[in-house]
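A quick write-up on the structure given underneath.
The values are calculated or read from the model by the stated rules, or taken from the named source; none is laboratory data. This one's a predicted model, so the numbers in the text were calculated from it and none came from an experiment. Note: ideal-geometry Cβ built from the backbone for every residue, glycine included; neighbour counts use all protein chains shown.
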Amino acid sequence: MACSTVWFEPTSKAKSTKIISTLQATLPQSKQAPVTYISPNISELEQIFQGAREPSIQQGAELPPLTSLDRWFERIDRLGFQAGISADAFARLGGPEGSFLSKNGIIQMSVQLLPFFQHLIVKCGDKGVYGSAAMHIQFPRLADVPVQASLLLCRSALARQIVKLGC
């Protein structure tokens, strides 16, 4: 079965959560994040994040929040984040200019949405864009991966994946 590239471009805060019902339907049977790219602005990202954490109604039935589905937990676990990642580590990511990313929760929301979206490109107004993606790599050990501190915040516990976070 061929995969399609899907790019979701929310055009307003109100319309940004229309993707939730599609994610509810496709997430359980998809092997990877169902949407290839999403490019919200900060307020749309916040709305999508909130929508993923709330129950939804489809065809008159209440469905559990996306972030409570087994598939979400499996994918977050596969990213291999260590429990000790601190807010300070997020704050250092973008340096002084990018500290708003952690202060406003943009990094944290983006990482929690990675099970639904392969690539998140968040438009941050006059501060530029922020991107996050779960990447699969072919290095035998993560220690062999060249790391640029401004682009990579966390090396995964699994040698095949890196979470790319950067401005």
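Structure data summary
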quantity: All positions within segment 23-53 that are in a helix (DSSP H, G or I), small (Gly, Ala, Ser) and under 16 Å from Leu101 (Cα atoms); calculated: Ser43
quantity: Filtered residues of segment 4-14 (kept if in a loop (DSSP other than H, G, I, E, B) and either at pLDDT 90 or above or surrounded by 10 or more Cβ atoms within 10 Å (Cβ to Cβ) (or both)); calculated: Val6, Glu9, Pro10, Thr11, Ser12, Lys13, Ala14
quantity: Enumeration of residues in segment 101-126 that are assigned to a helix (DSSP H, G or I) and modelled with pLDDT of 80 or more; calculated: Leu101, Lys103, Ile106, Ile107, Gln108, Met109, Ser110, Val111, Gln112, Leu113, Gly125, Asp126
quantity: Pair list, Cβ under 8 Å, 6 or more apart: segment 15-42 residue modelled with pLDDT under 90 and surrounded by fewer than 15 Cβ atoms within 10 Å (Cβ to Cβ), other residue of a type in the set (Phe, Trp, Tyr) and not in a loop (DSSP other than H, G, I, E, B); calculated: none
quantity: Every pair of residues 6+ apart whose Cβ atoms lie under 7 Å, when the first sits in segment 73-85 and is part of a helix (DSSP H, G or I) and surrounded by 17 or more Cβ atoms within 10 Å (Cβ to Cβ) while the second is modelled with pLDDT of 60 or more and small (Gly, Ala, Ser); calculated: Leu79/Ala134
